[in-house]
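This report refers to the structure that appears directly beneath it.
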Ligand SMILES: Cc1cc2nc3c(=O)[nH]c(=O)nc-3n(C[C@H](O)[C@H](O)[C@H](O)COP(=O)(O)OP(=O)(O)OC[C@H]3O[C@@H](n4cnc5c(N)ncnc54)[C@H](O)[C@@H]3O)c2cc1C
């Protein structure tokens, strides 16, 4: 039986569907799960708020991509606007526009989850078969160093000189042309995002996807979810078309991803002991740019191919961070920092010779680090409140120093921060200029593409939202399968962890039908 | 001209407000309006004009670069916000009203005109003050408006040539990789080959 991908915008009257399992959200978690469920013969319906795009729509055009495939058209930010939040919104979720970097969950994170959060049966050895399976299906393999772009080579060169052991990372690609357009949707279907991999399998096995359908709430009573209620949205404006879509199922899965997934529960009056939306983590990202004599071309080539985990563990009192590169097409490059006018045009004119290193803070590990909270505004908007606390500013200060040091080691002739008043250094001797630099909200650019948590998995109902099988503690037939179940951030890019957890959840969700 | 931050630190909020007392009435000062290039969907003509003035200050053009108003960046954003949650457009409209307001400008920026009536140097100084203001909220508003304007301006292909960005390559003629089943079948282990020996080599990138 072949399934379908239908836009709710084509519905002309209220639509009701019945199935075994209804999944909200078509991203990393929902897609791997859906494929596993149809493989087991279940009738599955998936609802996705965004549109369905294919390679013929993907032309490497960043403005188009942000406008059509990112949450809030790329303008999502934390409540105080201090952190720009990038998340996907189309069939395939964030995997359609992510940068294809893949890592298994570090062993120390699994150990931390077990020790501190009481997570059961999610150990490296128990997860290994799931990692193996998704790595095979998504062709997750190390990206050869000789194909790294200039921006990543900067990190490699600097990191090696400083003895930080930078390494080639893995990517989920097959036939990659090194176009550098991962964030705009892969123009050659090389990136094994969900739309061309697990969802493709699932639709061929019978999955019915309804896109342009924004789910507004779960209908539930006692310990049972009974239906989801959504509405058709206009693909162009995202505004409601007023046509209701209702799905009744035996089992429901929230795979809306961090922020939106918890927000859906909050809209439905599901509060999970007041823990829904709490402990949301973002790997807060800061960046430092280096100006080189050589051409770097930070807009071309695989966005990320080198990683450096030298600073992941900075001791028990400190927040760790890891280093990567970020792709810089003109649009995204122009938005970072605070410069304007002639000084900014000058920066943009030199963009071809600029390398940017990013540091991603590993939040949620320190006992006092509870991350952010998802909130519903009275006008229906969703907000993430993410306070920038002392442990993060300390981490930012340390990370800036190391990123600047790395650029100089890699041969940069000038290094600049993305502060409100940029700190410019012309040699390593000037690193001390960073000693008095301010760190905090709106002191420097911060962003995230890794939103995690908000429906934390754990060992007890009082301290977590879902159990280790990803089932809501208070429900018999409601699961969460996406990045929101992560009890902490990871210290590596999150997609492979989510794929593997979803792969593991296939048996558990099927058993609940 | 003193920057907002310096001024704020010197007098504190109370002092700054006292300095503003003679300025009451400034809020009625005239805006200098520019004609929208198409029907406005989000902003009032005054807000559109303020956005145009701000965009031209942030992205004045020069050399081979067009100015923001050459590209009607304010019009692009007016259209964008009409396709977002109405709260976003309302928030930004309020921010533009604050920037334009001569009274608020007198209190914190020592300028006694609406933003649109200021000459380019004063606008430049005002935005510099906003970007480094001691008041976090002003920095936040500046950063949000700046982000939208920069994205719309530098996302426009007309700006790319001047900065050496080669533009977007066309990959439409490149075939998709084979379906997964075929790919895996093609890897079926030959007698002397282990199952793990999947070829790692990727096709080399072409220059399209
Ligand atoms: C620009 C970018 C680059 C990234 N790069 C990498 C990388 O290189 N490596 C990596 O590991 N990770 C990367 N990530 C992060 C990674 O892609 C995500 O962590 C992962 O996809 C999250 O999976 P998920 O299932 O939780 O949610 P998503 O993949 O975000 O999917 C959630 C989906 O649910 C839909 N949805 C939400 N609410 C509703 C609702 N109410 N009704 C209907 N539909 C709804 C959304 O529209 C979305 O499509 C990147 C992310 C971004 C944005």
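Bear in mind that the values in this text are calculations on the coordinates, not laboratory data. Since the model is a prediction, treat every value here as computed from it, not as a measurement. Reconstructed Cβ throughout: ideal geometry from the backbone, glycine too, with neighbour counts over all protein chains shown.
Quick notes on this structure:
- Residue A:318/residue A:160 FRET efficiency (R0 22 Å; Cβ-Cβ; nearest 0.05): 0.35
- Helix A:124-137 vs. chain A, principal-axis angle (Cα, 0 to 90°, nearest 10): 90
- Size check on region B:12-163: the Cα extents along the three principal axes, sorted descending, read 49, 33, 27 Å.
- Spin-label model, residue A:293/residue A:39: points 7 Å from Cα along the beta carbon direction are separated by 5.4 nm.
- Euclidean distance between Cα centres, region A:20-68 to region A:379-431, Å: 35
- Percent RCO, i.e. relative contact order, over region B:12-163, from Cα pairs under 8 Å lying at least 6 residues apart: 29
- Summarising the strand pairing of the protein assembly as shown, around 65 percent of its internal DSSP beta bridges are antiparallel.
- Sites residue B:39 and residue B:64 - FRET efficiency at Förster radius 35 Å, r taken between beta-carbons, to 0.05: 0.65
- For chain A, the fraction of C-alpha pairs more than 31 angstrom apart is 41%.
- Rounded to 10°, Cα long-axis angle of helix A:495-511 versus longest principal axis of chain A: 10
- Rounded, prolate or oblate (a/c below 1.5 giving rounded, otherwise prolate when a/b exceeds b/c) for region A:1-130 by Cα gyration tensor: oblate
- Cut-off 12 Å (backbone N to label point 7 Å along Cα→Cβ of residue A:223), residues of region A:465-495: A:472-478
- Relative contact order, percent, chain A [alpha-carbon distance under 8 Å, six or more residues apart]: 24
- With the simple spin-label model, which puts each label point 7 Å out from Cα in the Cβ direction, the residue A:463 to residue B:135 separation comes to 4.4 nm.
- Estimated distance in nm for a label pair at residue A:397 and residue A:9, the labels positioned 7 Å out from Cα along Cα-to-Cβ: 5.0
- The simple Förster model, with R0 at 25 Å and r as the Cβ-Cβ distance, assigns residue A:120 and residue A:271 a FRET efficiency of 0.55.
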